[in-house]
1. List the relative contact order of the chain as a percent without decimals, with contacts defined as Cα pairs under 8 Å and 6+ residues apart.
2. Can you list the HN-Hα couplings for segment 8-22, worked out from phi with the Karplus curve (6.51, -1.76, 1.60; θ = phi - 60°), rounded to whole Hz and with x for Gly and Pro?
3. Quote to one decimal, in nm, the extra length available between THR58 and LEU99 on full extension: 0.36 nm per residue of separation minus the C-alpha distance between them.
4. Rounded to the nearest 500 deg cm²/dmol, what is the calculated helix-only ellipticity per residue at 222 nm for the chain, with -39500 (n - 2.57) per DSSP H run of length n ≥ 4?
5. Can you list the HN-Hα couplings for segment 55-62, worked out from phi with the Karplus curve (6.51, -1.76, 1.60; θ = phi - 60°), rounded to whole Hz and with x for Gly and Pro?
6. With a Förster radius of 22 Å, plug the Cβ-Cβ distance of ILE31 and SER72 into 1/(1 + (r/R0)^6) and report the FRET value to the nearest 0.05.
7. For segment 1-64, what Kirkwood radius comes out of the mean inverse Cα-Cα distance, in Å?
8. Provide the gained length on full extension for the span LEU22 to ASN47, in nm with one decimal, where the gain is 0.36 nm per separating residue minus the Cα-Cα distance.
Amino acid sequence: MPNKIHATKTKLRKLAKTKRNLAYSEKSQIIAQGKLLEYILNKIPENSHVAGYCPIQTEISPLPILEQLEQSGYGLCLPIVVGKNKSLQFRSWKFNQKLIAGDYGVSIPVEGKWIVPIVIIVPLLAFDTMGYRLGYGGGYYDRTLEQLKKKIKVKAIGFAFSGQFFPKLPRDKFDYKLDTIVTDIGITEYR
């Protein structure tokens, strides 16, 4: 069965990329960014470390939110792939700090302390009614969330356009449910 789920996910990724491309708009992105910023400011204590990401392709961008969070006293960090089949590691980052191209073309900090965030803003290709996400297939976020949630109370926030919704995504025992999903049309909490 895992092979069937894997094959289904591979097919869905192509469709999900197309849906995301169609959903992408500057107006929707600005609306979603406002919702995410308000959510974090209201739910997460200042001085907390928030992990964002540098968007690729038509991923919705958390960067303006990260800049405002830093100005409000939050610590920032970005994910770094440290090896295949390993959990992500997070390096501290200031908004104006230099970034370089890391694995998969994702921008990462050149330097900084290794940080364990209490909030992780998670990119995705698709999400469903139950709070599961479809990523690019490397399993980095699922491994990371599984590992961190065994040790600390970490909040995983999926960030997407509403047009990336699928009623139900295929999943297996390695897929990790998000705590919250923020889109341009609303916020849904799952736990």
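1. Numbers: 380 pairs, mean separation 46.0, N = 191.
Contact order relative to length: 24 percent.
2. Values per residue, Gly and Pro as x: 5, 4, 4, 5, 5, 4, 5, 5, 5, 5, 5, 4, 5, 4, 6 Hz.
3. Numbers: separation 41, 0.36 × 41 = 14.76 nm, distance 1.93 nm.
Difference between extended and current length: 12.8 nm.
4. Working: 4 runs with 61 residues, N = 191.
Helix contribution divided over all residues of the chain: -10500 deg cm²/dmol.
5. Couplings: x, 10, 6, 9, 4, 5, 8, x Hz.
6. 0.65
7. Details: mean 1/r = 0.0701 Å⁻¹.
It is 14.3 Å.
8. Working: separation 25, 0.36 × 25 = 9.00 nm, distance 3.65 nm.
Stretched out fully, the LEU22 to ASN47 stretch lengthens by 5.3 nm.
None of the figures in this text is laboratory data; all of them are computed from the coordinates on show. This structure is a prediction, so every number in the text was calculated from the model and none was measured. Cβ sites come from the backbone with ideal geometry, for glycine too, and all protein chains shown count toward neighbours.
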